[in-house]
Amino acid sequence: MTVLIADDHIIFREGLAALLNNMPHVSRVLQAGNGQEAVAIVRDEKIDVVLMDIEMPVMNGMEATRIIKEQKDIHTAVVALTMFNRMPDVIGLYDLGIDGYLLKDSSVNEVAKALQFVSEGKEYYCDAVKELLFKALLKRQKDKIHSPESVLTERETEVLRLICEQCSTEEIAAKLFLSPLTVNNHRRSILSKTKSKNVAGMVLYALEHDIFKLSS
């Protein structure tokens with residue numbers, strides 16, 4: 001496989017290149033000093049895997065990964081290889097479709113294992129990052145479950161906004177092209193789902209969940 005190392009530290013980059021060149025499944029190693037160079041090389045060469053640092057001059061690894069992953073005609077795996085296991089970096093790169101995440105204190109064997117995994121179309125995250133990613137995705141799922149969008153339907157949210165604007169049942173029905181009976185059914189559903197006792201409770205819920213904002 002052909003591997004591209006994108007890192008602005010020359011000594012690290014050349015040392016890693018020497019190690020990779022001794023791996024039996026690595027046929028060629030290229031180097032880039034920043035994200036912009038990495039993107040250009042990926043466009044010009046057939047690169048199987050990029051080992052991407054995050055913090056680099058000119059263009060960082062996050063932006064370079066985004067550009068590479070957006071190219072529909074390029075099928076290059078990208079593995080972060082960085083000193084940092086910060087939550088925003090981990091989840092940000094995950095959302096961009098990165099194929100793996102390694103820390104720079106990883107062993108040579110783990111780097112070789114990650115390269116093998118991603119070359120086979122699998123993902124590889126080192127243990128420390130895997131735990132962070134799991135927690136982030138779990139939190140995201142919980143937030144989604146408890147978000148107002150998952151509690152109220154789109155139509156109920158529209159009705160609630162109009163209630164907050166002090167529209168009557170008849171006015172809401174006219175605005176949304178519904179019958180007053182349907183609007184009242186939505187009102188009862190909103191009361192139940194938001195665990196509100198009255199209109200004031202529904203308005204408070206709307207304000208707390210940014211469904212409705214008071215005009216300044």
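Any read-out appearing in this document is the output of simple, stated calculations on the displayed coordinates, not a laboratory observation. Computed from a predicted structure; not experimentally measured. Every residue, glycine among them, receives a Cβ derived from its backbone with ideal geometry; neighbour counts consider all protein chains shown.
When you restrict to C-alpha pairs under 8 Å that are six or more residues apart and normalise by the size of segment 148-208, the relative contact order lands at 36 percent. Using the Cβ of residue 194 as centre and a radius below 12 Å, the other residues enclosed give a net charge of +3, where K and R count +1 and D and E count -1. Positive end of the dipole of the chain, charges at C-beta (+1 Lys, Arg; -1 Asp, Glu), about the Cα centre: which of 116, 160, 59 has its Cα farthest in that direction? The residue sitting most towards the positive pole is 160. Considering helices alone, the calculated mean residue ellipticity of the chain at 222 nm is -17000 deg cm²/dmol, with DSSP H runs of length four and up weighted by -39500 (n - 2.57) and normalised per residue. Of the candidates 139, 122, 193, which one comes out as most mobile in a Gaussian network treatment of the chain with C-alpha springs shorter than 10 Å? It is 193. Residues in segment 76-82 carry Karplus couplings, in order, of 10, 6, 10, 10, 5, 10, 8 Hz; the curve used is 6.51 cos²θ - 1.76 cosθ + 1.60 with θ = phi - 60°, and Gly or Pro positions show x.
Among 62-71, 24-33, sorting by the average number of other beta carbon atoms lying within 10 angstrom of each residue, highest first, gives 62-71, 24-33. Taking Cβ atoms as reference points and 12 Å as the exclusive limit, the residues near residue 126 contribute a net charge of -2, counting Lys and Arg as +1 and Asp and Glu as -1. Among residues other than residue 12 with Cβ under 15 Å from its Cβ, the summed charge is -4 (Lys and Arg +1, Asp and Glu -1).
Taking each of 72/139; 72/135; 175/195; 104/130; 135/195; 46/122 in turn, the alpha-carbon distance tops 22 angstrom for 72/139; 72/135; 175/195; 135/195. Only one item in (i) 171; (ii) 114; (iii) 124 matches volume of the Cα convex hull per residue in Å³ derived from the coordinates shown, and that item is (i). Given their separation in residues at 0.36 nm each and the Cα-Cα distance between them, residue 109 and residue 128 gain 5.2 nm when the chain is fully extended.
About its Cα centre, segment 2-143 has a charge dipole of approximately 380 debye under the convention of +1 per Lys or Arg Cβ and -1 per Asp or Glu Cβ, with nothing else charged. Take every Cα pair under 8 Å whose residues are at least 6 apart in sequence, average their separation, divide by the length of the chain, and the relative contact order is 13 percent.
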